[in-house]
Amino acid sequence: MDKIQQQREHFNAVADRYREARTHGNHLLLKDLIWSSFLEPHKDLGSGTPKVLEAMCGFGDGKKILETTLNTDIEYEGFDYSDEVLETLKEDQPELKVFHADAGTVELPENTYDIIILLGGLHHVPHIAKPVVERLCRAIKPGGHFINLEPTNGNPVFKAVRDRIYDKNSLFDEETERAFDVKELFDFFESAGMQARDITYPGLSAYVMYYNPDAFPFLNRGGKGLVKFMFALDRLFMRNRIGRIFSFATLSLWQKPKT
């Protein structure tokens with residue numbers, strides 16, 4: 001079995017567990033805080049009605065994030081390799097324009113989208129992540145943007161911890177999934193000709209406790225007050241070297257040169 005098919009079957013097997021856990025109030029609040037903090041300085045992304053592609057869209061989180069945080073309507077398309085997830089998404093939101101495709105082979109028109117958003121998808125295809133980014137970037141209009149949230153390792157100790165988790169937790173498939181070093185992730189976009197517009201490191205204490213309740217339910221403690229408090233502490237480090245070293249995730253905004 002090739003790695004793409006193995007990952008597809010694995011994600012289909014855990015999709016319901018993934019979706020149910022991420023309806024918890026603590027997770028939803030933290031997600032709102034992370035995205036509001038990140039996108040608030042970039043309200044220009046919502047001007048007009050941007051044409052958006054969500055790559056490896058899963059349950060379509062990117063659409064809600066952009067429309068809610070930027071307070072705008074978007075012209076949305078999405079694709080995913082999980083047929084089971086897409087069937088669920090179409091049942092829940094039949095008006096969505098989503099289609100089945102593999103990120104490594106999907107055919108997209110060049111210079112078409114104002115924004116491509118990809119949330120935690122590249123680590124599912126680490127063996128082809130760089131050409132996937134290059135393929136997607138070709139579909140962005142000159143001056144358009146790529147928004148990416150991805151698990152990353154900022155130091156060797158945290159990498160070892162994550163590798164151990166991937167090996168022992170049934171939510172992950174250690175044979176096909178791998179987080180990236182921060183520099184490695186940046187190289188994917190820089191090699192595709194993209195320019196960093198904003199980088200932040202939200203994978204700190206609040207993220208560890210509340211962002212993956214499906215993987216670590218024992219850490220999902222306290223209520224909204226504690227979520228806000230932990231996030232307020234994290235914000236002190238999210239845009240500096242300390243955050244980069246200790247963060248388990250990187251959230252970045254890249255722009256395609258206008259000429």
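Read-outs: derived from the displayed coordinates by stated rules, not from any lab. Source: prediction; values computed, not measured. A quick note on method: Cβ atoms are made from the backbone with ideal geometry, for glycine too, and the neighbour counts reach across all protein chains shown.
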> Counting only residues 5 or more places away or on other chains, whose amide H sits under 5 Å from the amide H of Tyr81 once H atoms are built in the peptide plane?
Replying inline: Ala101
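Using a Förster radius of 25 Å, what is the FRET efficiency between Glu75 and Asp32 based on their Cβ-Cβ separation? Nearest 0.05, please.
Details: r = 23 Å, r/R0 = 0.93.
Efficiency for this residue pair is about 0.60.
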> Can you work out ³J(HN,Hα) from phi for every residue in the range 61-71, in order, using Karplus 6.51 cos²θ - 1.76 cosθ + 1.60 and θ = phi - 60°, giving whole Hz and x for Gly and Pro?
Replying inline: 4, x, 4, 5, 4, 5, 5, 6, 6, 8, 6
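FRET efficiency for Arg241 and Thr105, Cβ-Cβ distance as r, R0 = 41 Å, nearest 0.05? Write out the running numbers ahead of the final one.
On the way: r = 38 Å, r/R0 = 0.92.
With a Förster radius of 41 Å, E is 0.60.
To the nearest 0.05, how large is the calculated FRET efficiency for Glu67 and Glu40 if R₀ is 25 Å and r is the Cβ-Cβ distance?
Working: r = 15 Å, r/R0 = 0.60.
Computed FRET efficiency for Glu67 and Glu40 comes out at 0.95.
For Leu28, Leu253, Leu136, what's the fewest-to-most ordering of other Cβ within 10 Å of each Cβ?
Values: Leu28 14, Leu253 21, Leu136 25.
The order, fewest Cβ neighbours first, is Leu28, Leu253, Leu136.
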>> At 0.36 nm per residue, and after removing the present C-alpha to C-alpha distance, how many nm does the segment from Arg197 to Leu226 gain when stretched out fully?
In response: 7.4 nm
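Between His24 and Val208, what length in nm is gained on full extension when 0.36 nm per residue of separation is reduced by their alpha carbon distance? Numbers along the way, then the final one.
Working: separation 184, 0.36 × 184 = 66.24 nm, distance 1.47 nm.
Stretched fully, the His24-Val208 segment lengthens by 64.8 nm.
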> How are the Cα pair distances of the chain distributed, in percent, across 10 Å bins from 0?
Replying inline: 7, 31, 41, 20, 2
> What full-extension length gain, to one decimal in nm, is calculated for Asp187 and Thr112 as 0.36 nm per residue of separation minus the Cα-Cα distance?
Replying inline: 24.7 nm
